[in-house]
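Quick notes on the structure that follows.
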Amino acid sequence: QQGKLEAAIRDYELFLDVYPEAPEVRSNLGAALAATGKYVQAIEQYKLALMKKSDPKLQLNLALAYYKTDDFADAIVELEKVRGVDQDNRKVQTLLADCYVHTGENKKAIDVLWPVFAAGSNDVAVEYVLGTALARDGQADLAQRVINPLMDGPDSAEKHMLLGTARFAARDYPGALEELRKAAEMNPNLPEVNSY
């Protein structure tokens, strides 16, 4: 809690040397490892903890670690498990849909997020991921309907990301770079912004 992550990791590992069957401690170790960017090690700890205790929060942490390592297929497996017990969790729905977009399964992403959007979510992340999935699925009119409120709304990283990817597709690379830099400055964790 004080941010002394390396000390926490060391102490958790010492504890687990003596008491290896403690899933809560493995989960905490996984969280500390993930917080230091050691996602592969975090994944190992989360998986070991889940072997001892089923826990949707732990599965979500495992999914996030997979997501951070660009292992979207394994992230989908874990997110679907979490969604099975928490169907209305918008964070899970959005992350799952984004994983489907990353794996080229745009129709599945649309199936996950369209009900959320249709219910009036007013969620920038939902609009961004759903709009992206619709555009990539060739449903330009629906994509525009979803994206227009986002484009008309307040300035956001998602808005600049959409503008940047549109300019990139049009081969306006200087314009794309300008928009993508703005997106990265506003939200450096926005999916794909750094790769673009």
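Numbers at a glance
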| read-out | value |
| --- | --- |
| For the chain, convex hull of alpha carbons as volume per residue, Å³ | 127 |
| Sorted peptide list for 37-44, 2-9, criterion being average Cβ within 10 angstrom, highest first | 37-44, 2-9 |
| Lysines whose Cα lies under 19 Å from that of K52, excluding same-chain neighbours fewer than 8 positions away | K81 |
| Volume of the Cα convex hull of the stretch 67-167, divided per residue and given in Å³ | 99 |
| Debye log10 I(q)/I(0) for the stretch 36-113, one point scatterer per Cα, at q = 0.20 Å⁻¹ | -0.81 |
| Packing-based order for 124-133, 11-20, 146-155, using average beta carbon neighbours within 10 Å, highest first | 124-133, 146-155, 11-20 |
| 29 Å Cα-Cα reach of K182 towards lysines, excluding residues that sit fewer than 8 places from it in its own chain | K38, K68, K91, K159 |
| Two-decimal Rg to Rh for the stretch 110-191 - Kirkwood Rh, Cα set | 0.97 |
| Probe 1.4 Å - accessible area at K68, Å² to nearest ten | 100 |
| Contact order relative to length of the chain, as percent, for alpha carbon pairs under 8 angstrom and 6 or more apart | 10 |
| Mean accessible surface per residue for the stretch 12-116, computed with a 1.4 Å probe while every protein chain stays in place, in Å² | 52 |
| Residue with peak Gaussian network fluctuation, the chain [Cα springs, cutoff 10 Å], from A97, A65, A176 | A176 |
| Square roots of 5 times each gyration tensor eigenvalue, C-alpha, the stretch 108-157, largest first, Å | 16, 13, 9 |
| Column: log10 I(q)/I(0), Debye, Cα scatterers of the stretch 6-48, q = 0.14, 0.28 Å⁻¹ | -0.24, -0.95 |
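The values are calculated or read from the model by the stated rules, or taken from the named source; none is laboratory data. Only a predicted model underlies this, so the values are computations on that prediction, with no experimental measurement involved. Positions of Cβ are backbone-derived with ideal geometry, glycine not excepted, and every protein chain shown enters the neighbour counts. Ligands, DNA and RNA are excluded from the accessible area calculation, which covers all protein heavy atoms including side chains. Shrake-Rupley method; radii C 1.70, N 1.55, O 1.52, S 1.80 Å.
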